[in-house]
1. Which distance in nm do the two modelled labels at R188 and Y11 give, with both placed 7 Å along the Cα-to-Cβ direction?
2. Relative to the present Cα-Cα distance, how much length would full extension add between W64 and D146 at 0.36 nm per residue of separation?
3. What FRET efficiency would be calculated for the residue pair Y35, Q210, taking the C-beta separation as r and a Förster radius of 35 Å, to the nearest 0.05?
4. What is the percent of Cα-Cα separations in segment 20-210 that go past 29 Å?
5. Pull out the extension gain between A26 and E124, defined as 0.36 nm times the separation in residues minus the alpha carbon to alpha carbon distance; nm, one decimal.
6. So for the pair V73, D4, with labels modelled 7 Å out along Cα→Cβ, what separation do we get in nm?
7. Report the extension gain between Q176 and E195 in nm, rounded to one decimal, defined as 0.36 nm multiplied by the number of residues separating them, less their alpha carbon distance.
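Here, each number is a calculation from the coordinates, and none is a lab measurement. Not measured: the values here are computed from a predicted model. Virtual Cβ from ideal backbone geometry, glycine too; neighbours counted across all protein chains shown.
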Amino acid sequence: KSHDLAAVLEYLAGNDLTVLNPVMAACKATMDAAYGVEESTVVTCMARNGTDFGIRVSGLGDRWFTAAAEIPVGLFFPGYSQEDANPDIGDSTITETAGIGAFAMAAAPAIVKFVGGTPKMALESTMEMYEITVTENPAFGIPQLDFRGTPTGIDIRKVVKTGILPRVNTGIAHRQAGIGQIGAGLVRPPMACFEQAVEAMASQVAAKTQT
């Protein structure tokens, strides 16, 4: 049994993505704390199921704003290509929602290569995300930016106003069920999700003003 335990620990220690699941849970707990703030336009959740991409907004209750998920672009395992890719799927977008993941790519050159990018692109990615967020998280300082905090708190108004969509690092699944992951890459949510949310917030605020 001790041999089996050692083998398991060795496997976990050698897998760079072992940390992803507990990090996702921590990010979900973090963003739940921002849920339910009246008239807040901060995104508290992003998720996708291989068909649709959805977001939830702090001041808009339990409503999901959805649109068709995009197909990620990136690097593929040997034997697979872009034609095999499924529309984006998974829950790891909660990391970008909380200000890490693709939002912190300037601090992770190794991940950039994994998803088919370059160090220059990583820096550009993080800098662009400051344009659509409401604050910076000092707990996640980026050395390359003199320890500036990661861009945190996606604002649906800023997304629609600037036309800049959140960046997402993602695994790429095969379009046929049962094959699994065939690569990793980058994707963005559909703008329609944010437009729907802005319209809903405007209607909600207008209704309160009239009463």
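1. 3.9 nm
2. Values: separation 82, 0.36 × 82 = 29.52 nm, distance 3.69 nm.
The span from W64 to D146 would gain 25.8 nm if fully extended.
3. On the way: r = 26 Å, r/R0 = 0.74.
The calculated FRET efficiency here is 0.85.
4. On the way: 3761 of 18145 pairs.
Across segment 20-210, Cα pairs with separations above 29 Å total 21 percent.
5. Values: separation 98, 0.36 × 98 = 35.28 nm, distance 2.61 nm.
Fully extending the segment from A26 to E124 adds 32.7 nm.
6. 4.7 nm
7. Details: separation 19, 0.36 × 19 = 6.84 nm, distance 3.11 nm.
Full-extension gain reported as 3.7 nm.
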